[in-house]
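Asker: Sharing a structure here in structure tokens format.
The values are calculated or read from the model by the stated rules, or taken from the named source; none is laboratory data. Just so you know, these numbers come straight off a predicted model, no measurement behind them. Methodologically, a virtual Cβ is constructed for each residue, glycine included, from the backbone with ideal geometry; neighbour enumeration extends over all protein chains shown. To get the accessible areas, we keep the full protein, side chains included, count just its heavy atoms, and leave off ligands, DNA and RNA. Shrake-Rupley method; radii C 1.70, N 1.55, O 1.52, S 1.80 Å.
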Amino acid sequence: PYTYPQSAPPIVVEKPETNAEPAVFRFSGTITAKREADLSPRVAGLISVADAETGFAAEKGAVLVRLDDTLAKIELREQELALEGAQAENANTERRLNEAVELGDANFPRTERETRETAFRLSQVAVQQAANALERQREIVKRHQIIAPFEGIVVSKDAEVGEWVQTGNPVLHFVGTSDLRLDIEVPQEQLDVILQTQSVSVYLSKKHDQPINAQIEARSPKVNPNTRTFLVRLALDNPPKNIKPGMSAEGSFRPATGIN
């Protein structure tokens, strides 16, 4: 399971010994996701399927939870039959109108033809109304599912099969696994390091196995008065699949000029 740490990891600042190599500064932080959401049902109902446990990975559009939609599907079938009936009546009124038109006013009463024209127009309206009702019911059936709004993982599940849930009550906490960032609390004394940084790399371990290219996405304009640090957010370029929100990582900053 993937959960966020209860407290921020300790800040680590490393300065290299003076030599010919450019200075590199490293700060520890936490991987975060650009998107996260509390997912709730769009209709009230009884949960019938809830197989997406904590840690479950899903693509955008995947069904995470299903509500019992038995009655909604029965109503859907009734709306389908209503549309079939309206279409049949429309075809019948159109046939009767065409007969009157073919005979012409000389051989068919004008008032009766006008009556048939009115009946045909009303049947067209009925078909459209039945089609709208059917589309509405189809949407209601879809709303008995909670789907993944983006690619991500389930961080927590707050309801189980057999529970009745209301509209707006969160059932899942879902966190995106694309567009990952590294949030770092940088000591205020290192402001010049961030301002003069030319390139940034991110490491998941201190072994420095494989660096991940990153870009400075944002710098907080305000220093935290309690910790004397400011937030720096790094956007990761093409991070590997094994990186998940909540992991610890380090940002390596290489300023454009040497900083003592």
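Asker: Which one of GLN215, VAL193, ALA44 has its Cα pushed farthest toward the positive end of the charge dipole of the chain, where Lys and Arg give +1 and Asp and Glu give -1 at the Cβ?
Answerer: Positive-most Cα among the choices belongs to VAL193.
Asker: Let's test this: bin the Cα-Cα distances of the stretch 114-260 at 5 Å from zero up to the farthest pair and state each bin's percent.
Answerer: Spelled out bin by bin, the stretch 114-260 gives 2, 7, 11, 12, 11, 9, 8, 7, 7, 6, 5, 4, 3, 3, 2, 2, 1, 0, 0 percent.
Asker: Follow-up question, since we're still on this one. Which of the trypsin sites (Lys or Arg not before Pro) found in the stretch 216-260 are in a DSSP loop and have at most 13 neighbouring Cβ atoms, other than their own, within 10 Å?
Answerer: Passing sites in the stretch 216-260 are LYS222, ARG228, LYS241.
Asker: Please state the relative contact order of the chain as a whole percent: Cα pairs under 8 Å, 6+ residues apart?
Answerer: Normalised by residue count, the contact order of the chain is 32 percent.
Asker: What accessible area, in Å² to the nearest ten, does a 1.4 Å probe give for LYS34?
Answerer: Accessible area, nearest 10 Å²: 130 Å².
Asker: How large is the helix-only mean residue ellipticity at 222 nm for the chain, computed as the sum of -39500 (n - 2.57) over DSSP H runs with n ≥ 4, divided by its residue count, in deg cm²/dmol to the nearest 500?
Answerer: Counting only the DSSP helices, I get -10000 deg cm²/dmol.
Asker: Would you list, by chain and number, the aspartates and glutamates whose Cα falls below 14 Å from the Cα of LYS241, excluding same-chain residues fewer than 8 positions away?
Answerer: GLU59, GLU151, ASP179
Asker: On to the next question. Suppose R0 equals 45 Å; then what is the FRET efficiency for THR167 and VAL223 from their Cβ-Cβ distance, rounded to the nearest 0.05?
Answerer: With a Förster radius of 45 Å, E is 0.60.
Asker: Find the all-direction average of the projected area of the Cα convex hull for the stretch 87-139, expressing the result in square nanometres with one decimal place.
Answerer: 3.3
Asker: Using a 1.4 Å probe on the protein heavy atoms only, what accessible surface does ASP179 show? Give it in Å² to the nearest 10.
Answerer: 90
Asker: Additional query: Pulled fully out, how much extra length does the chain show between GLN128 and ALA256, if you take 0.36 nm times their separation in residues and subtract their Cα-Cα distance?
Answerer: In short, 39.4 nm is gained.
Asker: For semi-axes √(5λ) of the Cα gyration tensor in Å, the listed values are [x] 46, 24, 15; [y] 65, 23, 14; [z] 39, 20, 16; which was obtained by calculation from the structure presented?
Answerer: [y]
Asker: With a Förster radius of 30 Å, plug the Cβ-Cβ distance of ASP68 and ALA37 into 1/(1 + (r/R0)^6) and report the FRET value to the nearest 0.05.
Answerer: 0.80
Asker: Could you report the stretch 73-152's accessible area per residue, 1.4 Å probe, as an integer in Å²?
Answerer: 64
Asker: Accessible area, 1.4 Å probe, largest first: how do ARG77, ARG26 sort?
Answerer: Reading off the accessible areas and sorting them downward yields ARG77, ARG26.
Asker: Can you spot the aspartates and glutamates whose alpha carbon is less than 14 Å from LYS142's alpha carbon? Ignore those fewer than 8 places along the same chain.
Answerer: ASP68, ASP69, GLU75
Asker: Is there a pair in LYS157/LYS222; LYS34/LYS222; LYS157/LYS244 whose C-alpha atoms are over 29 Å apart, and which pairs would that be?
Answerer: LYS157/LYS222
Asker: Got a number for carbon plus sulfur as a percent of the chain's accessible area, 1.4 Å probe?
Answerer: 49
Asker: If you take the charge dipole of the chain about its Cα centre, with +1 on Lys and Arg Cβ and -1 on Asp and Glu Cβ, which of THR54, LEU71, VAL161 is farthest toward its positive end?
Answerer: Projecting each Cα onto the dipole axis, the largest value belongs to THR54.
Asker: Describe numerically, in nm with one decimal, the distance between label points set 7 Å from Cα along Cα→Cβ at VAL101 and at ILE243.
Answerer: It is 6.6 nm.
Asker: Once you charge only the Cβ atoms, +1 for Lys and Arg and -1 for Asp and Glu, what is the size of the charge dipole of the stretch 39-113 about its Cα centre, to the nearest 20 debye?
Answerer: I would put it at about 160 debye.
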